[in-house]
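Since every read-out is calculated from the coordinates, none of them should be taken as a lab result. As the structure is a prediction and not an experimental result, all values here were calculated from the model. In this analysis, Cβ positions are derived from the backbone assuming ideal geometry, glycine residues included, and neighbour counts consider all displayed protein chains.
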Ligand SMILES: Cc1cc2nc3c(=O)[nH]c(=O)nc-3n(C[C@H](O)[C@H](O)[C@H](O)COP(=O)(O)OP(=O)(O)OC[C@H]3O[C@@H](n4cnc5c(N)ncnc54)[C@H](O)[C@@H]3O)c2cc1C
């Protein structure tokens with residue numbers, strides 16, 4: 001017999017889990033989440049660096065963070081699970097006038113939108129915060145103390161556990177193989193576990209979003225792009241509340257991870273594709289950038305076998321693609337986060353649930369994020385992409 005659901009969510013990563021949570025909190029209990037892997041977290045969510053920040057350039061990204069970061073801070077009260085939120089801040093380190101102008105414009109926008117605590121820093125302020133930085137070319141920076149990191153796996157599990165308590169169902173080990181469309185729009189999904197009748201489907205398939213959209217005959221411009229992270233062995237002597245530090249010259253960034261560090265750098269030579277193997281040659285590339293900004297990092301010990309790779313789900317303007325799919329009533333996108341899907345998962349869940357249940361989001365004006373912006377040439381510009 002065909003099962004019926006009010007809403008089917010394809011993908012049980014942090015985004016699908018947040019959508020399920022927000023739908024059930026809003027009273028919609030007949031939600032079915034379908035995940036093809038036998039456990040959650042095997043997509044991008046399990047590979048993430050867990051960084052969360054409100055220091056963005058565009059209004060919509062700042063607003064999404066203004067909802068999401070306090071949400072992480074109060075996550076345990078809401079779900080009974082820890083988010084692992086650590087408010088160590090993000091420190092952007094500028095080495096050119098162009099960087100400073102950019103940070104200045106962002107600062108003005110962030111403050112105007114209500115972000116509190118964000119500050120512009122002089123080189124001496126930066127060195128007080130992280131004395132180990134090479135400072136001869138530093139001209140200033142910015143810092144926001146409520147930025148920081150979360151535990152993406154714990155957040156994902158917390159969202160889903162709470163949604164299930166409120167009536168949602170999670171099917172694991174089940175792949176969605178088709179999306180059925182009739183004259184009214186979405187009519188159901190075909191899966192390896194039978195068909196499900198529904199009038200609302202959310203594509204939360206992360207880097208596989210374009211393939212899932214194709215199941216309904218829709219083109220979705222989301223491409224997978226490999227990103228690699230390198231954890232280090234213990235490295236004592238750094239400040240206790242070390243923030244996420246971003247060298248704007250190269251894009252190299254790092255944050256504390258246990259008693260060691262987690263190093264990241266987006267290789268500009270990386271090309272799109274479903275590549276998830278870690279390239280050991282990346283270690284030398286990243287360590288060169290690391291020692292260039294933090295001379296004592298020349299002594300970092302790294303075991304290349306502990307490095308890992310995952311996939312960003314990149315949209316043409318590096319902004320999420322949210323809301324109704326053009327031409328297919330009942331199909332909704334929660335895709336294209338371009339490296340920000342963990343930090344924006346709370347706002348995304350809320351926005352999607354309002355779009356589905358109320359016809360439009362009330363949390364914030366997300367109309368600029370719909371997929372129709374590509375055909376209508378309304379692209380957004382966010383240059384602070386990490
Ligand atoms: C190295 C790295 C570092 C990152 N750092 C950060 C960071 O610091 N901060 C931040 O906010 N973000 C970061 N990100 C990005 C973030 O991880 C992603 O944006 C986020 O995890 C996306 O979540 P998701 O739920 O959309 O996708 P996923 O976690 O990939 O989940 C999608 C799920 O859909 C399932 N699926 C796909 N197709 C089907 C199908 N046909 N049927 C059923 N199931 C299907 C997959 O199995 C998968 O489990 C990083 C990403 C990487 C790779």
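Relative contact order for the range 256-359 using alpha-carbon pairs under 8 Å, separation at least 6, rounded to a whole percent? Relative contact order of the range 256-359: 18 percent. Where does the chain land at 222 nm, in deg cm²/dmol rounded to the nearest 500, when only DSSP H runs of n ≥ 4 count, each adding -39500 (n - 2.57), divided by all residues? Rounded to the nearest 500, the figure is -8000 deg cm²/dmol. Extents of the range 184-268, taken as max minus min of Cα coordinates on every principal axis and listed largest first, are 62, 27, 19 Å. Please determine, in degrees from 0 to 90 and to the nearest 10, the orientation of helix 152-165 with respect to the longest principal axis defined by the Cα atoms of the chain, where the helix direction is its Cα long axis. The angle comes out near 30 degrees. Considering every alpha-carbon pair of the chain, the percent of pairs per 10 Å bin, from zero through the bin containing the longest distance, is 5, 24, 33, 24, 11, 3, 0, 0.
Here residue 37 and residue 187 are evaluated by their C-beta separation; at R0 = 25 Å the FRET efficiency comes out at 0.45.
A straight line joining the Cα centroids of the range 1-71 and the range 164-201 runs 16 Å. Taking the DSSP beta bridges with both ends in the chain, the antiparallel portion is around 70 percent. The separation of the range 81-153 from the range 357-373, counted between C-alpha centres, amounts to 29 Å. Listed from fewest to most Cβ neighbours within 10 Å, the set 120, 63, 97 follows the order 97, 120, 63. As a proxy for reagent exposure, ranking 253, 99, 277 by other Cβ atoms within 10 Å from fewest up yields 277, 99, 253. Listed peptides 190-199, 45-54 appear in the order 45-54, 190-199 once ranked by packing, highest mean of other Cβ atoms within 10 Å at the front. Computed from Cα positions, the angle between helix 97-112 and the longest principal axis of the chain comes to roughly 50 degrees.
Based on every Cα atom in the range 178-219, Rg and the maximum pairwise Cα distance Dmax equal 10.1, 29 Å. Across the range 285-378, counting alpha-carbon atoms alone, Rg and Dmax equal 19.2, 57 Å. Subtracting the Cα-Cα distance of residue 104 and residue 235 from their residue separation scaled by 0.36 nm leaves 43.9 nm. Ranked by the mean number of other Cβ atoms within 10 Å of their residues, highest first, the peptides 6-16, 212-222, 368-378 fall in the order 6-16, 212-222, 368-378. With the simple model of a label 7 Å out from the Cα in the direction of the Cβ, residue 4 to residue 116 spans 4.8 nm.
Each Cα pair of the range 18-162 feeds into the Kirkwood radius, which the Stokes-Einstein equation turns, at 4 °C and 1.567 mPa s, into a diffusion coefficient of 76 µm²/s. Taking 0.36 nm per intervening residue step and subtracting the Cα-Cα distance, what contour gain separates residue 125 from residue 77 on full extension? Taking residue 125 through residue 77 to full extension adds about 13.8 nm, to one decimal.
By the count of other C-beta atoms within 10 Å, a proxy for reagent exposure, 125, 147 are ordered fewest to most as 125, 147. Between residue 281 and residue 358, the modelled label-to-label distance comes to 5.2 nm, taking each label 7 Å out from Cα in the direction of the beta carbon.
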